[in-house]
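For reference, the structure is listed below as structure tokens.
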Amino acid sequence: MYLKITLSSSFEDKKIKLPLQYNYYIQSMIYRLLEKEMAYFLHEKGFELGKRRFKMFCFSQLIGNYKIDKEDKEIIFDDQVDLYVSSPMDEFLIQLSNSFLLNDDIKLYNNSLVVRNVKSGRDAFEGNKVIVQTLSPITVYSTLYKAEGSKYTCYYSPIDKEFSNLIKENVCKKYKAYFKKEPCSSQFFILPIGKTKLHVLNYKGVLIKGYSGRFALEGDRELIELALNTGIGGKNSQGFGYIKILGT
């Protein structure tokens, strides 16, 4: 399930200005709008599977008309923006929706925003294959070790075989962490359709590589549905891997 939130500046004719790397500020806004118990659970614990913890929500990049101020390293949106947030947790989305609607002044970085609209929806599909578009880049990576023992992060592109394999492992782990059982089938494949675009984002001082574009998902329906709700790949709660159905 997802929310589509439309926001605009509280002041007439004032634009929305954000740092180019704004993921952290959206994540912070979401946590502030949740009830304390829910925010604490997701931020500090999440859904555990061994040493892994999954937040089970994802958000898109802001969608709207904008220009880039390279000198000040800002992105400036003209009028209003749309933000998508998805999760398999109905209570999470209910809390978030209510908080957006009941707050007269939404803070995002240095901006005071008003909510123009909140729409909820569910991506419906038939069969076991869908075509999706990324609304935030997909990041897939492994933590590896150099010969001297130090760690480094290896990011994979959609043409690497590890890309599909690690996404499959990730969505199966999310399923086990959330539902506390094995999926009926572990069949899950992702293939790029056409060209993909590399993005390098800075999240709290850490550079993260991700890819946007169109992809085909095929496999178990429950795994596809979970991927639509939680985001795909890693770092979903930091604003990576939001996908939206284009067709089947």
Subject >> Residue ID - farthest from residue 92 (Cα to Cα), chosen from residues in the stretch 27-74 that are among the small types (Gly, Ala, Ser) and within 18 Å of the chain's Cα centre (by Cα) >> reply: 64
Original post:
For the subset of the stretch 70-87 comprising residues that are modelled with pLDDT under 95 and of a type in the set (D, E, K, R), which member is least open to solvent (accessible area, probe 1.4 Å)?
Top reply: 78
Original post:
Scanning the stretch 12-33 for residues that are in contact with a Ser or Thr (Cβ under 7 Å, 6 or more places away or on another chain) and among the hydrophobic types (A, V, I, L, M, F, W, C), which turns out farthest from residue 222 (Cα to Cα)?
Top reply: 16
**OP:** Evaluate the following for residue 150: is it in contact with a helix residue (DSSP H, G or I) (Cβ under 6 Å, 6 or more places away or on another chain) and at pLDDT below 95?
**Re:** no
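Go through the stretch 131-158 residue by residue and tally those that are of a type in the set (A, V, I, L, M, F, W, C), over 18 Å from the mean Cα position of the chain (by Cα) and outside any loop (DSSP other than H, G, I, E, B).
2
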**OP:** Show the residue pairs that are 6+ apart or on different chains and have beta-carbon atoms under 8 Å apart, the first residue being within the stretch 51-69 and open to solvent by 30 Å² or more (accessible area, probe 1.4 Å) and of a type in the set (D, E, K, R), the second being at pLDDT 95 or above and part of a loop (DSSP other than H, G, I, E, B).
**Re:** 53/46; 55/46
Original post:
Among 246, 201, which is over 15 Å from residue 127 (Cα atoms) and of a type in the set (A, V, I, L, M)?
Top reply: 201
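Scan the stretch 41-50 for residues that are within 24 Å of residue 84 (Cβ to Cβ) and surrounded by fewer than 16 Cβ atoms within 10 Å (Cβ to Cβ) and jot them down.
Let us first name the residues in the stretch 41-50 that are within 24 Å of residue 84 (Cβ to Cβ), namely 41-43, 46-47.
41, 43 - these are the residues of the stretch 41-50 that are within 24 Å of residue 84 (Cβ to Cβ) and surrounded by fewer than 16 Cβ atoms within 10 Å (Cβ to Cβ).
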Original post:
Quick one: in the stretch 15-50, which of the residues that are of a type in the set (Lys, Arg) and free of Cβ contacts under 8 Å to residues at least 12 places away in the same chain is farthest from residue 209 (Cα to Cα)?
Top reply: 36
Original post:
Which one of the conditions (1) exposed (fewer than 14 other Cβ atoms within 10 Å of the Cβ); (2) closer than 29 Å to residue 74 by Cα; (3) out of contact with any strand residue (DSSP E or B) (no Cβ under 7 Å at 6 or more places or on another chain) does residue 149 fail to meet, given that it meets all the rest?
Top reply: (2)
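Determine if the stretch 97-116 includes at least one residue that is free of Cβ contacts under 8 Å to residues at least 24 places away in the same chain, open to solvent by 90 Å² or more (accessible area, probe 1.4 Å) and under 25 Å from residue 134 (Cα atoms). It would help to see each step written out before you state the result.
Of all residues in the stretch 97-116, those free of Cβ contacts under 8 Å to residues at least 24 places away in the same chain come to 98, 101-102, 104.
Going one step further and asking which of them are open to solvent by 90 Å² or more (accessible area, probe 1.4 Å), we end up with 101-102, 104.
Cutting the leftovers down to under 25 Å from residue 134 (Cα atoms) gives us none.
No: zero hits.
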Subject >> Identity of the residue in the stretch 117-128, at pLDDT below 95 and charged (D, E, K, R), that ends up surrounded by the fewest Cβ atoms within 10 Å (Cβ to Cβ) >> reply: 126
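The values are calculated or read from the model by the stated rules, or taken from the named source; none is laboratory data. Please read all numbers here as calculations on a predicted model, not as lab measurements. Note that we place each Cβ from the backbone using ideal geometry, even for glycine, and neighbour counts take in every protein chain shown. Keep in mind that these areas ignore ligands, DNA and RNA; they rest on the heavy atoms of the full protein, side chains included. Shrake-Rupley method; radii C 1.70, N 1.55, O 1.52, S 1.80 Å.
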